[in-house]
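I have placed the structure first, in the form of structure tokens, so that the comments after it can refer back to it.
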Amino acid sequence: MHPNSSTATALHLNISKSNDLGIPLLLILNSPSPHRAMRWPWSSDDDSGRKPLPPLLSVEYWSDPKNYLHPRVLVPASVLAACSLGLIYVYRAYVRRIPESSQIYPSFFRKRSLFGQVTSVGDGDNFRLYHTPGGRLLGWGWFPGRKVPTDPKELRQRTVHIRIAGIDAPELGHWGNPAQPHSSESLEWLRTYILGKRVRVYIYRRDQYERIVCSAKIWKGLWRRDLGLEMLKAGVAAVYEAKTGAEFGDMELKYRLAEAKAKIQRKGMWGLKGHYESPGTYKKALKEAEAAASGSGHAGASISASGASKSPAPGASKSPAPGASKSPAPGASKASTGKPSSPGASGMSRTGVKGGVVVVGKVSPGKQSTTRKMPSSSAASAMAAARKKTP
């Protein structure tokens, strides 16, 4: 029973007899004492007998290992760790600048986008992007140290190589191959449209040339436009045709309709005279021609090699040279090898004629035969010298 319960009961009786304000006054008297401190849920009734904790920033507090597990230490530490990990994730995913294509993780594919400025256009369907995460909001273009370089030396290995997804532009002349019609016009159109502009690209995958296949979006006035779609409308590119590896996102139907409309209106490369070959057909024909050329080259080399090995040398005699002895060399033992010696091991010379050219060679022990070609004008003299040496 509370020590003041008798006093409260007496006051209740006296007040109830005197007036009608006894009930509210009784509630006030029976309420908990204001000087009693509020307890934590994990505290017990005997906390009053415990020794109070020293200040949090004192040496005495941190010298006791048990204090490391106290809630007033664990709760702030957990909150600080969670905030730090969250900031690291935001920085690596959205604020970190990606210098080149090799720094793009596979986890970015089909989930992430990059925002940056176009620094160069190398072909009608690809360009170089300098990644500027956050854009002008994070100081790019106006804050010190946040400017896009213009010197090609400074841009080396600091840009992402982008391949525009879903389209194929006419091929320029590369590696000795002839340029496709309208290739220079497509390149000039793309340079005029995006060079030096800010573009956002949506990542799909990485191709065999270490380029990042992306769809590109660019603001023109109040509208954000798809770069591949605009190129198809202008007739400077065709829809990318491939059995595997084609990327369109959700724009394939729009791309094909834009290409069909450009063909009907004979825009760009579709307005050239005669039958125009699409970039995909052009590259396929080049690959077939290269394969045919390499196949014929290998076949011709194998035929000439077999003919040279089978043709005997004219005037060559099978009889041994005068003074040659059939007996083995002194000290030579047959047991050392166990096999008869091959012609290549004895240093025999070989002579042949191929296409009017005399081929003279000598096989050294343990080495391949070395050949020496003589011009056709000295073929007769060489053959005559070979006959004189034979008995």
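Quick look at the numbers
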{"item": "Hits in region 222-246 - residues which are assigned to a loop (DSSP other than H, G, I, E, B) and touching a Gly at 6+ places or on another chain (Cβ under 6 Å)", "result": "G235, V236, Y240, E241"}
{"item": "Qualifying positions in region 235-250 - touching a residue at least 24 places away in the same chain (Cβ under 8 Å) and surrounded by fewer than 18 Cβ atoms within 10 Å (Cβ to Cβ)", "result": "E241, A242, G245, A246, G249"}
{"item": "Residue, surrounded by the fewest Cβ atoms within 10 Å (Cβ to Cβ), within region 49-81, restricted to residues that are part of a helix (DSSP H, G or I) and polar (S, T, N, Q)", "result": "S78"}
{"item": "Subset of region 252-271 that is open to solvent by less than 20 Å² (accessible area, probe 1.4 Å) and hydrophobic (A, V, I, L, M, F, W, C) - its residue that is modelled with the lowest pLDDT", "result": "M269"}
{"item": "Test: residue in region 101-108 that is touching a residue at least 60 places away in the same chain (Cβ under 8 Å), among the aliphatic types (A, V, I, L, M) and in contact with a Leu (Cβ under 7 Å, 6 or more places away or on another chain)", "result": "no"}
{"item": "Residue tally, condition within 19 Å of the chain's Cα centre (by Cα) and aliphatic (A, V, I, L, M), over region 122-168", "result": "6"}
{"item": "So L232, is it surrounded by 15 or more Cβ atoms within 10 Å (Cβ to Cβ) and within 32 Å of the chain's Cα centre (by Cα)", "result": "yes"}
{"item": "Cβ-Cβ under 6 Å pairs, at least 6 apart or on other chains, region 175-194 side of a type in the set (F, W, Y), far side in a loop (DSSP other than H, G, I, E, B) and open to solvent by less than 30 Å² (accessible area, probe 1.4 Å)", "result": "W189/V236"}
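Listed here are the residues, each with its yes/no results for (1) within 18 Å of W189 (Cβ to Cβ); (2) without any contact (Cβ under 8 Å) to a residue 24 or more places away in the chain.
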residue	(1), (2)
L114	no, no
V121	yes, no
K147	no, yes
R156	no, yes
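The values are calculated or read from the model by the stated rules, or taken from the named source; none is laboratory data. Given the structure is predicted, the values throughout are model-derived calculations rather than measurements. Neighbour counts are summed over all protein chains in view; Cβ atoms, including those assigned to glycine, are modelled from backbone coordinates with ideal geometry. These accessible areas exclude ligands, DNA and RNA; they are computed on the full protein's heavy atoms, side chains included. Shrake-Rupley method; radii C 1.70, N 1.55, O 1.52, S 1.80 Å.
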